[in-house]
Amino acid sequence: MSSSTKPRTLGVIPARGGSKRVPRKNILPVAGHPLIAHTIMAAARATALTDWLVTSEDEEIIEVARRYGALVPFRRPAELSGDEVRNIDTVKHALDFMEAQTGQLYDIVVLLQPTCPVRNPDHIDQAVNMLWASELDTLASVKGPFKKRDPILKGICDGVLEPWCAHSEGNDANPLYLYNASIYATKRDYFLREGRLVSRRQVPLVMDQMHSCDVDEVPDLLVAEAYLNFLAERRTEKDKK
């Protein structure tokens, strides 16, 4: 188990200007705000993040991110801006930059995809705290459970997310889960040593279907807006009581 000392944690929100399926997706309006703004607002309220930033090559996205209070300390270089660029390269660039700027090392790096607008600050805090308390090196948020067997699904065995449990048949006793793309948290030393955000055995953060919403196509924007409006109405009703 890691030290009880609060870890230095860097949150990274990657946002490219290009999107083949939904052009300009990251700044399209969803429930009164640009899509990326919902992740920015969640990161701003998360107490477990020591620092967090938006990384983008797109001037309009950078302007929107700064308007919502995000740190955007650089414009992402062209070699990290194409369709084939991997998240691990984007995260490493941001991590190297911030450690050079602050003169301090981080313990954990957290990838927050801007296409997951319903994820909230509590999910981020929970992810960091769960990973830091674990002997494992990585955490991934998942949705489920599912009963149908599929190679892309994961099992949770003794509190550990694994490709397959030996006893897992996707039934009520041994449900299966799917990455929801919302949160990937990785201990810094593992990330730099292995060049990976995920490991074979991971800490699972199980999120419900609503909070797992991931905007990949146009209809997903409508679903995300419906979820966000529902949650806003529920908060309003709660405040009235």
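Counting pairs of alpha carbon atoms under 8 Å apart in space and at least six apart in sequence, what relative contact order in percent does the range 1-158 give?
Numbers: 214 pairs, mean separation 54.1, N = 158.
Computed over the range 1-158, the figure is 34 percent.
May I ask what percent, to the nearest 5, of DSSP beta bridges between residues of the chain are antiparallel?
55
Summing Lys, Arg as +1 and Asp, Glu as -1, what charge do residues with Cβ under 11 Å from the Cβ of Ala65 carry, Ala65 excluded?
Values: positive: Arg66, Arg67; negative: Asp58, Glu59, Glu60, Glu63.
Surrounding charge for Ala65 is -2.
Work the Kirkwood hydrodynamic radius out for the range 174-216: mean of 1/r over every pair of different alpha-carbon atoms, inverted, in Å. List each step's numbers first, then the result.
Numbers: mean 1/r = 0.0820 Å⁻¹.
Radius from the Kirkwood sum: 12.2 Å.
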What does the convex hull of the Cα atoms of the chain come to per residue, in Å³, rounded to a whole number? 149
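Would you mind ranking Ile62, Ile88 by Cβ crowding within 10 Å, fewest neighbours first?
Ascending number of Cβ neighbours within 10 Å: Ile88, Ile62.
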About the Cα centre of the chain, how large is the charge dipole given +1 on each Lys and Arg Cβ and -1 on each Asp and Glu Cβ? Please answer in debye to the nearest 20. 320
Which of Thr90, Thr9, Thr47, Thr236 comes first, and how do the rest follow, when ranked by fewest Cβ neighbours within 10 Å? Thr236, Thr47, Thr90, Thr9
Divide the volume of the convex hull of the Cα atoms of the range 23-107 by its number of residues and quote the answer in cubic angstrom per residue. 105
Restricting the range 64-114 to GluC sites (Glu not before Pro) in coil, as DSSP defines it, with at most 11 other Cβ within 10 Å: Glu84
Tell me, how many Å apart are the Cα centres for the range 189-241 and for the range 22-72? 15
Given the options Ile40, Ile156, Ile124, which has the most mean-square fluctuation in a GNM of the chain, springs set between C-alpha atoms less than 10 angstrom apart? Ile156
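Quick note: the coordinates plus some simple rules give every number you see, no bench work behind them. Note that the coordinates shown come from a computational prediction; the quantities given were computed from them, not determined experimentally. Glycine also receives a Cβ, built like all others from the backbone with ideal geometry; neighbour counts cover every protein chain displayed.
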